[in-house]
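For reference, the structure discussed in these notes is given below.
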Amino acid sequence: MSIRKNNYLNNVQKSENIKSGQMINGQALGAVSEMRYGICCMSFNGCEVISVYNALVYMKREKPLYEIALYMERFRMLAGFFGCNVFKVGKALEHYGINYMRSGKIGSAEIFIVSYWTGKRFLSSIHTVFCIRTADGINIYNRYNNCPEVRRCKENYEIAEPEKIIVVYVIKGD
């Protein structure tokens, strides 16, 4: 059986413990951490899948996390060890009917997914988060691997310094 099929069967079983309609925070916590993407657990490399899931929940178009992971498996890098190709996140948004614009800057975006280097460019890992700008600041979902709640910041650079941003998907309302 292929890795993709094994992951799907595992993820369907593990998803029974994920509450429908709730955003996911802390990919290394709970049932999500045991789900698989490529050759790893989502606690290690599932942030792109989780960011698409969170966007769909927010836009009231929720799909099961296992379905999103199965679709996005085709975009995995090095058998999924390095997660998803961040330049393909838009394909998943498009697949699920979400309008977006790809950019290199956050700017004044209200709803967006951003992928960025966590340290030095090309020498560190990449992380991808879903964000919503409110009157009080910017809510960041799945900010850290082991953080179970939404994090809030005031300025774009608090998410990622401009030179560390790889790609931004600005989500347009319906």
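The values are calculated or read from the model by the stated rules, or taken from the named source; none is laboratory data. All figures in this text were calculated on a predicted structure; none of them were measured in a lab. Cβ atoms come from the backbone with ideal geometry, glycine included; neighbour counts cover every protein chain shown.
Quick notes
- Screening region 1-58 for helices (runs of 4 or more DSSP H) wholly inside it with 3 or more residues that are under 19 Å from I126 (Cα atoms) and within 11 Å of the chain's Cα centre (by Cα) returns the ranges 47-58.
- From the options I98, I132, I106, residue that is in contact with a strand residue (DSSP E or B) (Cβ under 9 Å, 6 or more places away or on another chain) and in a strand (DSSP E or B): I132
- For region 73-90, the count of residues that are at pLDDT 95 or above, within 24 Å of S125 (Cβ to Cβ), part of a helix (DSSP H, G or I) and not β-branched (V, I, T) is nonzero.
- Odd one out for Y157 among (1) under 17 Å from L56 (Cβ atoms); (2) surrounded by 12 or more Cβ atoms within 10 Å (Cβ to Cβ); (3) not basic (K, R): (1)
- Being in a strand (DSSP E or B) and either among the basic types (K, R) or crowded, with 18+ Cβ neighbours inside 10 Å (or both) is a property that holds for R152.
- Within region 158-172, the presence of at least one residue that is free of Cβ contacts under 8 Å to residues at least 24 places away in the same chain and either part of a helix (DSSP H, G or I) or in contact with a Ser or Thr (Cβ under 7 Å, 6 or more places away or on another chain) (or both) is confirmed.
- Restricting Y58, Y8, Y53, Y37 to those that are in contact with a helix residue (DSSP H, G or I) (Cβ under 6 Å, 6 or more places away or on another chain), within 18 Å of I113 (Cβ to Cβ) and in contact (Cβ under 8 Å) with a residue 40 or more places away in the chain reduces the list to Y37.
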